[in-house]
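The numbers here are math on the coordinates, done by the rules we state, and not lab data. The structure presented is a predicted model; accordingly, all values stated were derived computationally and were not measured. In this analysis, Cβ positions are derived from the backbone assuming ideal geometry, glycine residues included, and neighbour counts consider all displayed protein chains.
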Ligand code: GL5
């Protein structure tokens, strides 16, 4: 790839910063607040982007390439300023210019709120994909929602998680631009009237007595690295149709106006903070249809403008990728637009739609499956429901034809069944591609979860193992290591991560090992300072940094980790001479606000931390840290500092994971189960450079099919485990309320609320996990062996670039052509 580095005029840039401060705030830089300085700098950086952004879209208009619309309820972008500077290839130059203005780039970057329009891995994947699409010069739009409040901020008070609103737009977001010219109406409710067209004799379907809002897009620039491509992330805001009119004497109108005002206000107010979990809230379905309808209307209009109003070949230039089932109403909305607004008949519209929409499945967790009650769905989206009914009717006919007399197949596969609309079934039936996100996950989809669909339409199924962008998670997040790597092997890895394998040459080189570990040490010092500042805890950068950062979910098994810490602590207490490398267990996780047991687990981690960190008798052998408000920006620093990457989900449950890849890239050893992309990580780096434990996914699935296992046997037989479990309910870690962790205890041992005990096999895997932890300790004692191993992890991470993933989507699914933008 030809890297293009634009000229940078330092003096111009400095002038722009000073000028922005003046025109935005009527201030000089030294009078301005840190936030105002950030804004002034960000606008100056935006200026460097604008010409490329314009040029990119001119070029797209001219060449009319095929475009992918990445439809996603979530984009977990992280901060833009530093990333934009990196992708402009002007980080150092801008840093220097700012120094001359007496501004510290780190402090400036720290002022930017993380645009956190996503929950976890699914939203962050979308953000990585946009970075790769732009870097690889593929035309694309991210389509989503401009939530007024993104992912909540987490505070820890007395060990409890407290959620506070994330008011990311409070000071204005400098990189967005409002595109008021692209406004679309989106309609909800009412009923559908059939009107016969006198001339054609066709039935027209007209929605009446509806409420509607106006969708208004804001565009954020997505810069390619080292090229002129600037794609857009388009996030939609909602405005009332008419600012309501107080003079209106018509009572009906007045009522309607207020309702529409409220609808617009509520619609984009907040991101639902559930990860891997479906809550079935009406507002959520409204959000889905809202951004889908606006995005599809815009995409079809753009296409028609370029093709004399003819939509019949839409699929040649447009493809919609559904990021999980959340945007699946795309299918019916596109059908509606093609039929009701463009006069196509069903077969024509279906032919186009089913060549235009593709679906990615991101989880097999049953509680994440979206199933809308018919009552709600049809009331909110009456015309869309009619269309889904007809899609279902035809699909059921097909099932009957293929499996005559097999009622069971219909029960399992129909889109509408049992009073519910099943979004995954709709996505699979209509989509031209269905993909999983890691090899193992795709196999489980084919053999278990979506078996019937796979048998009926095997040609649709394919795997796209996830990836991450090395530009953010190494070049920006770990500048010391990035520079060292470039020094050793050149900078080709930045756009071609496979090249990082050249580091393999150095893994036995003592000097290189020392340099690598020295950088790791410095990154640990950086994190230790952060922990001291925000947690008030002293941690030793010479201890093993053992890290589990990700959303809090039972299947991810933070509980297994902390139970093991409790067990280790008991060991040290009973045998003070117990020999182990000092270890710092670091956690970071947000729990969905309504997820009780997850919140209890956070409290447990904090209470255990409190007891252990304050026990001088163990002379600092273990420390436990819970990092508050884990998010993309502090994540970048955490990955860089980790020695051990905890990827310990119950096998079969983590579709892929992407944190695992970020740790690997930054030189950490995976301590994990054979789940998700861990399997492929081990394949790349070799078993001897990871530590694997626990049940396999086959074993887990087998137990599940047999109705589970009996954790009581373990409780009765294993004294160490029993001791730890009793500590959950004897007040050792909750002296003012011994019952505090009763639910956790019960979840492991008792059948309750219709749920088996220990459905995530925590006790079943405990011993094997403890052994794996001993193995980590043993390996760390061999300094040279450890250094070699972590270097190999970095060297073998080439496969896990989102650039590779995107190239696979392009080749197998989207069929895009690159567009090179000249300036
Ligand atoms: C997720 C899966 O849980 C992750 O394993 C996966 O890496 C990610 C991206 O494919 O998608 N599904 C999901 O709902 N969230 C995820 O992170 O939030």
Residue exposure sequence - 211, 202 - by fewest surrounding Cβ within 10 Å:
202, 211
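Kindly put 587, 205 in sequence by how many other C-beta atoms sit within 10 Å of each C-beta, fewest to most. List each step's numbers first, then the result.
Working: 587 26, 205 16.
Ordered from fewest to most neighbouring Cβ atoms within 10 Å, 587, 205 come out as 205, 587.
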For residue 502 and residue 170, what does the FRET efficiency come to when R0 = 45 Å and r is the distance between their Cβ atoms, rounded to the nearest 0.05?
0.50
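Sorted by average packing, counted as other Cβ atoms within 10 angstrom per residue and highest first, what order do 312-321, 702-711 take? Provide the component values of the computation, followed by the final result.
Working: 312-321: 19.5, 702-711: 13.9.
Going by the mean number of other Cβ atoms within 10 Å, highest first, we get 312-321, 702-711.
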Return P(r) of the range 647-742 (all Cα-Cα pairs; 10 Å bins starting at 0; whole %; ordered from short to long distances).
14, 30, 27, 25, 3
What does the extension gain come out to for residue 162 and residue 107, with contour length at 0.36 nm per residue minus their alpha carbon separation?
17.2 nm
What share of the DSSP beta bridges in the chain is antiparallel, in percent to the nearest 5?
45
Taking 8 Å as the Cα distance limit and 6 or more residues as the minimum spacing, I'd like the relative contact order of the chain as a percentage.
14
Calculated from DSSP H runs of 4 or more alone, at -39500 (n - 2.57) each and per residue, what is the 222 nm mean residue ellipticity of the chain, nearest 500?
-14000 deg cm²/dmol
I'd like the distance separating the alpha-carbon centroids of the range 566-598 and the range 382-403, in whole Å.
52
Report the label-to-label distance for residue 487 and residue 193 in nanometres (one decimal), using points 7 Å from each Cα along the Cα→Cβ vector.
7.5
Roughly how many Å is it from the Cα centre of the range 471-506 to that of the range 190-227, as a whole number?
47
Taking the chain, the equivalent ellipsoid from its C-alpha gyration tensor has semi-axes in Å, biggest first, of 43, 34, 26
Estimated distance in nm for a label pair at residue 573 and residue 9, the labels positioned 7 Å out from Cα along Cα-to-Cβ
6.9
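Show me the ranking of peptides 430-437, 664-671, 375-382, 192-199 by mean Cβ neighbours inside 10 Å, starting with the highest.
On the way: 430-437: 24.4, 664-671: 27.2, 375-382: 18.5, 192-199: 10.0.
Output ranking for 430-437, 664-671, 375-382, 192-199: 664-671, 430-437, 375-382, 192-199.
Which whole number in µm²/s is D for the range 259-313 by Stokes-Einstein, with the Kirkwood Rh taken over Cα pairs at 25 °C and 0.890 mPa s?
Details: Rh = 13.5 Å.
Here the translational diffusion coefficient equals 181 µm²/s.
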Can you order the peptides 119-132, 340-353, 595-608 by their average number of other Cβ atoms within 10 Å per residue, highest first?
119-132, 595-608, 340-353
With each label point set 7 Å from Cα along the Cα-Cβ vector, what nm distance links residue 771 and residue 58?
6.6
Two decimals is fine: what is log10 I(q)/I(0) at q = 0.07 Å⁻¹ for the range 484-794, from a Debye sum with one equal scatterer on every Cα and no solvent?
-0.27
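Given 0.36 nm per residue, what is the gain on full extension from residue 26 to residue 719 after removing their alpha carbon distance, in nm?
Working: separation 693, 0.36 × 693 = 249.48 nm, distance 6.96 nm.
Additional length available on full extension: 242.5 nm.
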